[in-house]
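*Asks:* Could you have a look at this structure, given as C-alpha cells, before my questions?
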Amino acid sequence: MTDVRRRRTAWVRLAVVTAAGVAAVAPTPAWMVERYYARGAYPPLQRALTSLSNLTSLAFFDPFVLIATAGLLWLAVVRLRRVRRRAWLGPLGRLAADLAVAAAAVYLAFLALWGLNYRRPSIEETLDFDQSRVNAASLAAAVAQATGELNRLAPLADARPWPSLGALPAWLGPAYDAAQAELGRPPPAVPGRPKRTLLSWYFARAAIDGMTDPFWLEVLVNPEVLPFERPFVVAHEWGHLAGYAAESEASFVAWVTCLHGDEQARYSAWLSFFLRLATDMPP
C-alpha cells in the first residue's frame, strides 16, 4: 500500500470514529427525529428491508453475526501474530484501532437503520396520557377488568387450535394496521415474518421471548414461546418495527394490536396485561 493510500485510509478511519462519537453525544431534538427520520426516512426503509427479509424463513441476522465474528477473530489473529517480545504495543494498538473503527461503523449503521427511533418523542407526549390517573384504584380496576376478560375469553380462545408462528402475519396483520392507524402512525409498517435463529438456544436460557434485528428489520422469536403468548410477543416486535423503540411503548402497540384481533389475540393481550399489572398490586 502506497503512502497516499495509507494516509487516505487513515483519514477515512478517523472520520468514521469521529462521526460515531459525534452521533453518540450530539443533541438531537426529538421533534426533528420524529419529522425527518421516524416519519420521513425510516418508513420506506422499514418497508423495503422487512419486505426483503420476509421473502425467506432464514434469519439474515445469523450470517451477519457469524461473518462479523469470524472477521474479528481473523483480524485479531493477523494482528497478534505480529506481536514480538519487545515490540507488542504497535500490533496491539493497531488491533484496538481496528476494533474501534468496526464498532463505530456498526453503531452508525444501527442509528441509520433503526436506532434513531430511541430519540423520538415519547408516546406519552402524543396520546391522551395523564400521570395523575395512574393510582392504586385505577390499578385495581385494570386488574379486575383483565381478570374478567381472561375468564370470558378463555373458552372462546381454546375452542380452536392456536395459530402457528408462520400464520401470524396474515392472521394478525390487519389488526396491526388498525392499531398503527389508531396511534397516528402513517404510513403503516410492514409486519415482519417471525423467524427462528441460531440464537434460539440463548433465547431459551436467557428467558428472551423475541428480538427485532435492527439491521435487517426482521423479527426473531424464541420457538419455545407458548401458543397463547405468540400473538402478543410477535406484535411486540412489530411495535419495534413500527419505530417504537422503548420496550414499554412496543408492548403498548402490541396490546392495541391484539385488541383489534379476534378472541385468541385479545386473550393473549389481556394475559400479558394481567401478568404485568398483578405484580404491582399491593398484598
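*Asks:* At a 10 angstrom cut-off on C-beta neighbours, averaged per residue, how do the peptides 256-265, 179-188 rank from highest to lowest?
*Replies:* The most tightly packed comes first, giving 256-265, 179-188.
*Asks:* Using the Kirkwood formula on the Cα atoms of region 112-172, what hydrodynamic radius do you get, in angstrom to one decimal?
*Replies:* After inverting the mean inverse Cα-Cα distance, the result is 16.0 Å.
*Asks:* With helices defined as uninterrupted DSSP H runs, which ones in the chain have an alpha carbon span along their own long axis of at least 27 Å and mean Kyte-Doolittle hydropathy of at least -0.5?
*Replies:* Those that pass (Cα extent of 27 Å or more, hydropathy at least -0.5) are 3-25, 61-80, 89-113, 136-157.
*Asks:* A further question on this structure: Using just the helices of the chain, give the 222 nm mean residue ellipticity in deg cm²/dmol: DSSP H runs with n ≥ 4 each add -39,500 (n - 2.57), and the total is spread over all residues, rounded to 500.
*Replies:* -19500 deg cm²/dmol
*Asks:* Another question about this same structure. Using a 1.4 Å probe over the heavy atoms of the protein chains, calculate the carbon and sulfur portion of the accessible area of the chain as a whole percent.
*Replies:* Ligands and nucleic acids excluded, carbon and sulfur reach 65 percent.
*Asks:* Which value does Rg/Rh take for region 199-270 over its C-alpha atoms, Rh per Kirkwood?
*Replies:* 0.97
*Asks:* Let me ask something else about it. Counting Lys and Arg as +1 and Asp and Glu as -1, each charge on the Cβ, what is the dipole of the chain about the Cα centre in debye, to the nearest 20?
*Replies:* Value, rounded to 20: 2260 debye.
*Asks:* Using 5 Å bins from zero, what percent of all Cα-Cα pairs in region 1-142 falls into each bin?
*Replies:* Pair shares across the bins are 2, 7, 10, 12, 14, 13, 11, 10, 8, 5, 3, 2, 2, 1, 0.
*Asks:* Same structure, new question: Rounded to whole Å and ordered largest first, report the semi-axes of the equivalent ellipsoid of the chain derived from its Cα gyration tensor (root of 5λ).
*Replies:* 42, 22, 18
*Asks:* Could I ask something else about it? How high is the relative contact order of the chain? Use alpha-carbon pairs under 8 Å, at least six apart in sequence, and give a whole percent.
*Replies:* 24 percent
*Asks:* Something else now. Accessible area per residue for the chain in Å², computed with a 1.4 Å probe and the full protein assembly in place, what is it?
*Replies:* 56 Å²
*Asks:* Please list 165-173, 239-247 highest first by mean number of surrounding beta-carbon atoms within 10 Å per residue.
*Replies:* Per-residue Cβ counts within 10 Å, averaged per peptide and sorted highest first, yield 239-247, 165-173.
The values are calculated or read from the model by the stated rules, or taken from the named source; none is laboratory data. All values reported here derive from a predicted model rather than from experimental measurement. Here the Cβ is made from the backbone with ideal geometry for all residues, glycine too, and neighbour counts use every protein chain on show. Side chains are part of the model used for accessible areas, which takes the heavy atoms of the whole protein and leaves out ligands, DNA and RNA. Shrake-Rupley method; radii C 1.70, N 1.55, O 1.52, S 1.80 Å.
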